[in-house]
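For reference, the structure discussed in these notes is given below.
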Amino acid sequence: MLDAGVLEKRGCETVFINYEHENSVYNVTIERKDKYYFITYNNTEYKVEAEELKPGQLKIKIGNRIIKSVITEGEKEKYVFVDGDVFKVKPVELTGTRKTKKKEKGNLNSPISGRVVSVKVKKGDNVKKDDVLMVIEAMKMEYLIRAPFDGKVEKVNFKEKDQIEIGQNTVEIEEK
Amino acid sequence: MGIKTVAVYSDVDKNAPHVQLADETVCLGNPIPIQSYLNIPKIIKIAQDTKAEAIHPGYGFLAENPDFAQSCNDVGIKFIGPSADVISLMGDKIAAKTTMEKAGVPVIPGYHGDKQDTVSLIKEGKKIGFPLLVKAAAGGGGKGMRIVYSEDALGESIEGAKRESKSAFGNDTVFLEKYIDKPRHIEFQILGDEHGNVIHLFERECSVQRRHQKIIEETPSPVMTTKLREKMGEAAVTAAKAVNYSNAGTVEFMIDGNLNFYFMEMNTRLQVEHPITEMTTGIDLVKWQLRIASGMKLGLKQKDLSQRGHAIECRIYAEDPANGFLPSVGVLGKVEFPTGPNIRDDSGIYTGMEITSYYDPMLSKLVVSTETREESINKMIWALSHYVILGVTTNIPFLKQVLEHEEFKKGNITTHFIENYFKDWTETKKGLPIDAIISLAVYDSIHTKSKEIVRYKEIDPHSPWKHVGRWRVGEKGV
């Protein structure tokens, strides 16, 4: 039974890490021995040599092939630049079952931080799907908040000229 | 040129490249534009305090503000650009069109009148017919602009355009005009001195736009012919002469499917996309701006000018194409620029910089030039693939796919290109490639301390240790 992500094997340290990318988890193990890294993913072991040229900048030799990549760490996530593409990953703790995100139905959260320029509805109003509920302005562009379904306005959380932050709930609607 | 520089900056830009490059720097304080970069009295005072002789307004904020040009003039500081009167005239899109029409430059049919109430505008709109364009009279950069396809949407679009225009430019006058079929946006760079001489420096094709914001610009245009270039260039010079234009400017035209051209507007400043003209003509536009402002005569003659090769510019934005192109904010953990001959990167970013939502999310303008259009496209794709920007989402994958599009390669572009071919574009989800996994694993092996390693709560059902007979890659005999 594995208790921790560190395992003594071949007299060297083995590291287990799980990366999450676009809602998939990738289980990877890494062992270091001498100048080699043994990386196991999806039942395949890759034996590589690697050099960190500058902080975050890697040159990895795998067989006759060279991988050049750049990695940087954000607050929670890591970014990998490889072969012209950028991938954002989060190291995750594996707990046996993977949590799946509940799909939010009819998201009325502000897509952006900005200023409310117009509120089109008030409490008690009946609205139809796609009706404009609120107009938010950011960087001189307008973003429309539309009703995701037919319903009745329960609460309007912002008024004109209010500052609104990304993710804040704009209008609460009860679905009909 | 041996000229000393003073840079102004707001609190959030204290480490910006322009600040680091300047000889002297003065902070404008609060990052909110109206209190900093749009604060005319403050900027004038700084210019006086530092004994600046001239101000270059760049291409945003106050670059096309006649009050600013006038304020400079009033205190004896040279504004590097045309006179306040010309900026004012060209800034009023209605007056600009009337002036151009009188000078014999073709314009698009539309309503440019004073009746600005919604009811009158709807009436005028119906006369012009659909589709039509609602445009902010004081606008630019797609702000306060709406395309209307039917009468039902006209009212709401007029009001929306007015609101946007009011907030962006402090003026809610709009005009209506006929929407051109298969339109291409082709503009001409001009230079005029203060002695009545005007030349043009050929065209720039800026048809690839998203929400009326240019994203890819190139020169020469794939549809341009020698004859059309001559005619349009002449019209651009006529337009500039009609208003006694001095300094660098751009005359924007719309071209329809039959290569008829119409005057759109004149930008009374240096354009974001000016580097592609510099790359193909060998002329330093900013240097000429300074020479002209100092009263020097244009030494360049039209007949001596020529373009060589082809250049493309891509605008790199901190925005998420997969999420409705919403601006992406965050700290740039790593920035590395592509380098090589004929690659020019005009950027304002650096490792560790925080991207905020105070200003436009443009990070960089990447420009390449080669002998031919085809080579330039390939070189740009290469350069974009070697541009490392980590920490925010950028439009780089989107730009690459546009450049790789068959119709783009053929030069079949209109201002509807993005709408036609990339309407609900999202990045193809390919999952994490093995090279990324290996890179992460190596990185974490180097940087993770044992105690920080993720702990398992139970046996990993997918543990590779449960399987036997692993493959080994990267060793002889595989």
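Between B:Y59 and B:E336, how many nm apart are label points set 7 Å from Cα along the C-beta direction?
Between B:Y59 and B:E336, the simple spin-label model gives 2.8 nm.
In degrees from 0 to 90, rounded to the nearest 10, what is the angle of the helix B:154-169 Cα long axis to the longest principal axis of chain B?
It is inclined by approximately 90 degrees.
Magnitude of the Cβ-charge dipole of segment B:6-87, K/R +1 and D/E -1, about the Cα centre, nearest 20 debye? Show your work: numbers first, answer last.
Numbers: 5 positive and 10 negative charges, 23 e Å.
Around 120 debye, computed over segment B:6-87.
Taking the alpha-carbon centroid of each part, what is the distance from segment A:133-176 to segment B:126-160 in angstrom?
Using only Cα atoms, the two centres lie 23 Å from each other.
In debye to the nearest 20, how big a dipole does the protein assembly as shown give about its Cα centre with +1 on each Lys and Arg Cβ and -1 on each Asp and Glu Cβ?
Numbers: 91 positive and 93 negative charges, 186 e Å.
Magnitude of the dipole: close to 900 debye.
Treating cross-link reach as a plain straight distance, find the aspartates and glutamates whose alpha-carbon is under 14 Å from the alpha-carbon of B:K301, omitting any fewer than eight places away in the same chain.
Leaving aside aspartates and glutamates fewer than 8 places away in the same chain, those within reach of B:K301 are B:D193, B:E234.
Calculate one ³J(HN,Hα) per residue across segment B:290-301 by plugging θ = phi - 60° into the Karplus curve 6.51 cos²θ - 1.76 cosθ + 1.60, and present them in order as whole Hz with x for glycine and proline.
5, 4, 4, 4, 8, x, 5, 7, 5, x, 8, 10
Could you derive backbone 3J(HN,Hα) for segment A:113-120 from the dihedral phi with the Karplus parameters 6.51, -1.76 and 1.60 (θ = phi - 60°), listing whole Hz in sequence and x where the residue is Gly or Pro?
8, x, 10, 6, 9, 7, 10, 9
Go through B:K78/B:K241; B:K4/B:K42; B:K182/B:K409; B:K334/B:K379; B:K166/B:K241; A:K128/A:K161 and tell me which ones have a Cα-Cα distance over 28 Å in this structure. Intermediate values should be presented prior to the final figure.
Numbers: B:K78/B:K241 21 Å; B:K4/B:K42 20 Å; B:K182/B:K409 17 Å; B:K334/B:K379 23 Å; B:K166/B:K241 31 Å; A:K128/A:K161 25 Å.
Listed pairs above 28 Å: B:K166/B:K241.
Mind ordering B:249-255, B:280-286, B:62-68 by average Cβ neighbours within 10 Å, highest first?
B:249-255, B:62-68, B:280-286
Per DSSP H run of n ≥ 4, the term is -39500 (n - 2.57); total these for chain B, divide by its residue number, and report the mean residue ellipticity at 222 nm rounded to 500 deg cm²/dmol. Could the numbers behind the result be given before it?
Working: 15 runs with 149 residues, N = 478.
Helix contribution divided over all residues of chain B: -9000 deg cm²/dmol.
Most exposed first by the Cβ proxy, i.e. fewest other Cβ within 10 Å, how do B:V26, A:V80 rank? Please list the in-between numbers first.
Values: B:V26 19, A:V80 27.
By the 10 Å Cβ count, ascending: B:V26, A:V80.
What's the center-to-center distance, using Cα atoms, between segment B:18-39 and segment B:390-417 in Å?
33
If you place +1 on the Cβ of every Lys and Arg and -1 on the Cβ of every Asp and Glu, how big does the dipole about the Cα centre of segment B:85-180 come out, in debye to the nearest 20?
On the way: 14 positive and 13 negative charges, 29 e Å.
Approximately 140 debye in magnitude.
For a quick check: with amide H placed at 1.01 Å from N, whose amide H comes under 5 Å from B:L28's, ignoring anything fewer than 5 positions away on the same chain?
When sequence neighbours closer than 5 places are left aside, the close amide H contacts are B:Y9, B:S10, B:D11.
For segment A:114-175, just the Cα set please: Rg and Dmax, both in angstrom.
11.0, 32
Counting partner chain Cβ atoms within 10 Å of every residue's Cβ in B:165-171, what's the average?
Values: counts 1, 1, 5, 4, 1, 0, 0.
Other-chain Cβ atoms within 10 Å of each residue's Cβ, averaged: 2.
Counting other Cβ atoms within 10 Å, keep those with at most 12, restrict to DSSP loop, and tell me which GluC sites (Glu not before Pro) in segment A:114-176 are left.
On the way: sites: A:E137, A:E142, A:E154, A:E160, A:E165, A:E172, A:E174, A:E175; in loops: A:E160, A:E165.
Answer by residue number: A:E160, A:E165.
Excluding residues fewer than 8 places away in the same chain, name every one of the aspartates and glutamates whose C-alpha is closer than 17 Å to that of B:K51.
B:D23, B:E24, B:D74
Read-outs throughout are calculated quantities, based only on the coordinates presented, and are distinct from any laboratory measurement. Quick caveat, the model's predicted, so the values are computed rather than measured. Counting neighbours? That spans all protein chains shown, and the Cβs are built from the backbone with ideal geometry, glycine included.
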